[in-house]
1. Quick one: is residue 131 open to solvent by 30 Å² or more (accessible area, probe 1.4 Å), more than 15 Å from the chain's Cα centre (by Cα) and of a type in the set (Ser, Thr, Tyr)?
2. Any idea how many residues of the range 27-66 are within 14 Å of residue 5 (Cα to Cα) and part of a helix (DSSP H, G or I)?
3. All but one of (1) more than 24 Å from residue 32 (Cα to Cα); (2) of a type in the set (Asp, Glu); (3) at pLDDT below 95 hold for residue 118; which doesn't?
4. Which ones in the range 68-95 are buried (at least 24 other Cβ atoms within 10 Å of the Cβ) and in a helix (DSSP H, G or I)?
5. Which condition from (1) crowded, with 18+ Cβ neighbours inside 10 Å; (2) assigned to a loop (DSSP other than H, G, I, E, B); (3) modelled with pLDDT of 95 or more is the one that residue 126 breaks?
6. Give 167, 141, 186, 158 a once-over and let me know the one that is closer than 29 Å to residue 31 by Cβ and of a type in the set (Asp, Glu).
7. Please specify each residue of the range 57-95 satisfying the condition of being under 20 Å from residue 155 (Cβ atoms) and in contact with a Gly (Cβ under 7 Å, 6 or more places away or on another chain).
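The values are calculated or read from the model by the stated rules, or taken from the named source; none is laboratory data. A quick note: this is a predicted structure, and the numbers were derived from the prediction, not measured. Cβ atoms come from the backbone with ideal geometry, glycine included; neighbour counts cover every protein chain shown. For the accessible areas, the whole protein counts, side chains as well, though only heavy atoms, and no ligand, DNA or RNA atoms are used. Shrake-Rupley method; radii C 1.70, N 1.55, O 1.52, S 1.80 Å.
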Amino acid sequence: MEILVCVKQVPDTAEVKIDPVKHTVIRAGVPNIFNPFDQNALEAALQLKDEQGAKVTLLSMGPPQAVEVLREGLAMGADEAYLLTDRKVGGSDTLATGYCLAQAVRKVAELQGLDHFDIILCGKQAIDGDTAQVGPQIAAELGIPQITYAAHIAVEGEKVTVKQQNEEGYIVTEASFPVLITAVKELNEPRFPTIRGTMKAKRREIPTLSAEDIKVDESRIGLSGSPTNVRKIFTPPQRTQGLILNNEDVAVSVATLMEKLAEQKII
């Protein structure tokens, strides 16, 4: 079984800086981490490797420093890793990113002598964007089935059964290979990298791919190739403490509440 896991490096703070012109996250000077949902996706792949002998390949798209999350993934137990990094893909929205990653998936499969990967795993979303769009867009570009919000994954032969999380409970969905699956945090508890794995990962040379390598249509990538028009982006204000009304006189409490709501221009 051949598994590819898409992973992303994301800012490690809620107080991120925003570029007022490009409306994108300014990553310079901000600590970065392995996107948590992608760790769940990787753990699912590693469990399948432990159970059934799968080969696990990592793919990330980002600036050169994103190689650190790939090394962390290798230290956790992944077998191979590739980084798509090119200024031409900078500023891509989710549609352009999904297209770039799909092209990169095809290229990585070619480099490994494969027709396709049996399973592609992604986190349900990245914590810096929260769109949950990229995984499904990769599947759409590749023309393969997708199963989102996986809380449990079982593989038997070339069939995968997924317990999908939704607002009302769960849906059980089956699909045949190849298939793309997105993971929620309830899927598992990601393992920690081992010391031995970390030392080996530091010595690994991570192959890099460029826009030219993956043969993208440059009109579909980067800021100019992104149809999304961001009108405004901002960090949400901190929540203030709620109002507690202890007055036993209901009429007085209601009057106080109405006054406070009027002050905040809610009514």
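1. no
2. Of the residues in that region, 14 qualify.
3. So residue 118 meets the others, but not (3).
4. 69, 70, 73, 89 - these are the residues of the range 68-95 that are buried (at least 24 other Cβ atoms within 10 Å of the Cβ) and in a helix (DSSP H, G or I).
5. Only one criterion in (1) crowded, with 18+ Cβ neighbours inside 10 Å; (2) assigned to a loop (DSSP other than H, G, I, E, B); (3) modelled with pLDDT of 95 or more is unmet by residue 126, namely (3).
6. Matching residue, one of 167, 141, 186, 158: 186.
7. Those that are under 20 Å from residue 155 (Cβ atoms) and in contact with a Gly (Cβ under 7 Å, 6 or more places away or on another chain): 58, 76, 77.
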